[in-house]
Amino acid sequence: MKPVRAVLIGAGQRGSEAYAPYALKYPDQLQFVAVAEPDEQRRSRFALTHAIPREYCFESWEELMEHPQLGEAAIIATQDWLHTRPAIAALKKGYHVLLEKPMATRPEECRQLVEESEKNERQLHICHVLRYTRHARKMREIVQSGILGEIIDVDHRENVSFWHMAHSYVRGNWRNSEQSSPMILAKCCHDLDILPWILGQWPIRLSSSGELTHFRADKAPVKTPERCVEGCPIEKECPYSAIHVYVEMLPFWHSYSQTCTNPVNKAIIAEYMRRPVLIRFLARFFPSLKQVTEYKGWPLTVLTQDPTPEKVFQAIQSGPYGRCVYHCDNDVVDHQVVSMQFEQGTTVTLTMHGHSHIEHRSTRIEGTRGRLMGVLGNGGGWITVEEHRSRKKKFIDTSPPVGEGHGGGDIQLMAEFVNAVREGGYPENIQRAAREALFSHLLAFAAEEARLQKKVIEISHEEFFA
Ligand SMILES: NC(=O)c1ccc[n+]([C@@H]2O[C@H](COP(=O)([O-])OP(=O)(O)OC[C@H]3O[C@@H](n4cnc5c(N)ncnc54)[C@H](O)[C@@H]3O)[C@@H](O)[C@H]2O)c1
């Protein structure tokens, strides 16, 4: 079978780093034949990596879409506010589309996307990567097996670490809800997608509360300068210091080690945090250690396309990621709770907050026969299942292989997308998954409305899944 020919719209962080490497790893399955990207450096780097001829390198999605269809698939990884127009153009042109989440930043645009996909009978896959993780799939399997009995209550937490919050939602691209999206949509459309999917039932009612409590000028502990490197008097103690987060990288590695289930990797990271000089020395003889000592991945690649220590330092001296967290133009919440009632009576709370010590999601599912607890972080994940009567406890390691992003969800999503495009057509399960994605987005919009207007909202799923 020939490889799927794909065009990439938006060769940024996600497009070029999370999804495109699949084509390099499995060239017999996926090949990039064109790229649309306004940033010259990103465009040429992508073209070079994927051997794309000059005439198929475009400066914008509009130019690419003026061209006759170039392949079977379009991968769209532009920023949140630039999803709808290129995706609709691609669907109309005949491409099967893989579209980053959130599908769109307004409910009517999300609906329009699904309508266009159905009208044109082109597949629309939304990058809800959690669904593709071994972790979420295992939780679903356990719940659906009945071993926990009837599910009474779920406490699901999206524990965004303090440094990730500062990076993405205070200094970064998702800091301002008008310019991007409300945080409950940007961060939790994944969670709102998997909860009904794991439980096999739909929410019927929700309410929500939350606010931006900490990252505001009036919460600065002392008078701080605009940037961490401008002689900030609390730089050495502030957890959000850009030097601490991006140069020393200690919070990142700490988070990683706390959720890592591989004892060797865990020990290496712990040792690196204690004695970086020793591990750097050993990396000369054991090159695999350079994955840690010379780490150049997210979030550094957001600061600079070439994250050498010098470039990273330059970026925090002059770019947005060096700003004091108390002097940014952010307005998104730093904590929000969504409280839901599901159709079979299950109560579910989704807590999202940006002050977690380590980056992870945690899930507690309480049933009439047992309890499930799950943790998924950037180092790995696990699930425990305990039966009430026998008190038997089962531990399941759900960690993906080292280096696989989003608990292994990124690569599995690509594998299933490529497979679906290869099989072609417009299968019912893919149409349904797009509708479920739409539903999760509408839940996020409802949660935001409930928070802002302090009201309880009744939810109906009938129109989606007749
Ligand atoms: N699935 C996930 O878990 C996940 C995780 C992180 C981010 N995201 C989402 O992925 C999307 C991309 O995020 P990112 O961090 O890669 O952003 P990014 O800014 O790094 O990349 C977006 C790219 O789109 C390009 N672009 C802008 N205008 C364009 C145009 N007219 N035509 C073509 N390209 C254009 C930009 O130059 C940039 O390179 C966002 O919607 C984000 O919310 C999803």
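Say whether the condition of being in a loop (DSSP other than H, G, I, E, B), surrounded by 20 or more Cβ atoms within 10 Å (Cβ to Cβ) and at pLDDT 95 or above is met by at least one residue in segment 183-197.
no
Check I358 against each of (1) surrounded by fewer than 21 Cβ atoms within 10 Å (Cβ to Cβ); (2) aliphatic (A, V, I, L, M); (3) under 24 Å from P182 (Cβ atoms) and name the one condition it does not meet.
(3)
Could you grab me the full set of residues in segment 426-451 that are among the aromatic types (F, W, Y), in a helix (DSSP H, G or I) and out of contact with any Pro (no Cβ under 6 Å at 6 or more places or on another chain)?
Once the filter is applied, which keeps residues that are among the aromatic types (F, W, Y), in a helix (DSSP H, G or I) and out of contact with any Pro (no Cβ under 6 Å at 6 or more places or on another chain), segment 426-451 yields only F439.
Tell me which residues, restricted to segment 50-88, are touching a helix residue (DSSP H, G or I) at 6+ places or on another chain (Cβ under 7 Å), of a type in the set (S, T, N, Q) and within 17 Å of Y19 (Cβ to Cβ).
Hit for segment 50-88 is T78, nothing else.
Yes/no matrix, rows are residues, columns are (1) of a type in the set (S, T, N, Q); (2) more than 18 Å from I194 (Cβ to Cβ); (3) modelled with pLDDT of 95 or more; (4) not assigned by TED's automatic domain parsing to the domain that holds M139:
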| site | (1), (2), (3), (4) |
| --- | --- |
| R364 | no, no, yes, no |
| T368 | yes, yes, yes, no |
| T384 | yes, yes, yes, no |
| R389 | no, yes, yes, no |
| I396 | no, no, yes, no |
| G405 | no, no, no, no |
| A420 | no, yes, yes, yes |
| F445 | no, no, yes, no |
| K454 | no, yes, yes, no |
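Would you pick out the residues in segment 81-114 that are of a type in the set (D, E) and buried (at least 19 other Cβ atoms within 10 Å of the Cβ)?
Scanning segment 81-114 gives a single hit, E100.
Need the failing condition index for E387 against (1) out of contact with any Gly (no Cβ under 9 Å at 6 or more places or on another chain); (2) more than 16 Å from the ligand (Cβ to nearest atom); (3) not small (G, A, S), just the number.
Exception for E387: condition (1).
For residues that are more than 20 Å from H406 (Cβ to Cβ) and touching a helix residue (DSSP H, G or I) at 6+ places or on another chain (Cβ under 9 Å), scanning just segment 7-28, find the one that is farthest from the ligand (Cβ to nearest atom).
The qualifying residue farthest from the ligand (Cβ to nearest atom) is V7.
Looking at (1) surrounded by fewer than 19 Cβ atoms within 10 Å (Cβ to Cβ); (2) out of contact with any helix residue (DSSP H, G or I) (no Cβ under 6 Å at 6 or more places or on another chain), which one does P239 not meet, given that it meets all the others?
Single failed check for P239: (2).
Within segment 115-152, work out how many residues are free of Cβ contacts under 8 Å to residues at least 12 places away in the same chain and buried (at least 21 other Cβ atoms within 10 Å of the Cβ).
Count: 0.
Scan segment 264-273 and give yes if some residue there is exposed (fewer than 14 other Cβ atoms within 10 Å of the Cβ) and of a type in the set (D, E, K, R), otherwise no.
No, that holds for no residue.
Identify all residues within segment 386-419 that are in contact with a strand residue (DSSP E or B) (Cβ under 7 Å, 6 or more places away or on another chain) and in a helix (DSSP H, G or I); write none if there are none.
Those that are in contact with a strand residue (DSSP E or B) (Cβ under 7 Å, 6 or more places away or on another chain) and in a helix (DSSP H, G or I): G407, F417, V418.
All but one of (1) surrounded by 12 or more Cβ atoms within 10 Å (Cβ to Cβ); (2) in contact with a Ser or Thr (Cβ under 7 Å, 6 or more places away or on another chain) hold for G367; state the number of the condition that does not hold.
(2)
Does E230 satisfy the condition of being touching a helix residue (DSSP H, G or I) at 6+ places or on another chain (Cβ under 8 Å), of a type outside the set (A, V, I, L, M, F, W, C) and loosely packed, with under 14 Cβ neighbours inside 10 Å?
No: the conditions fail for E230.
The values are calculated or read from the model by the stated rules, or taken from the named source; none is laboratory data. Keep in mind the model is a prediction, meaning the values are calculated, not measured. A quick note on method: Cβ atoms are made from the backbone with ideal geometry, for glycine too, and the neighbour counts reach across all protein chains shown.
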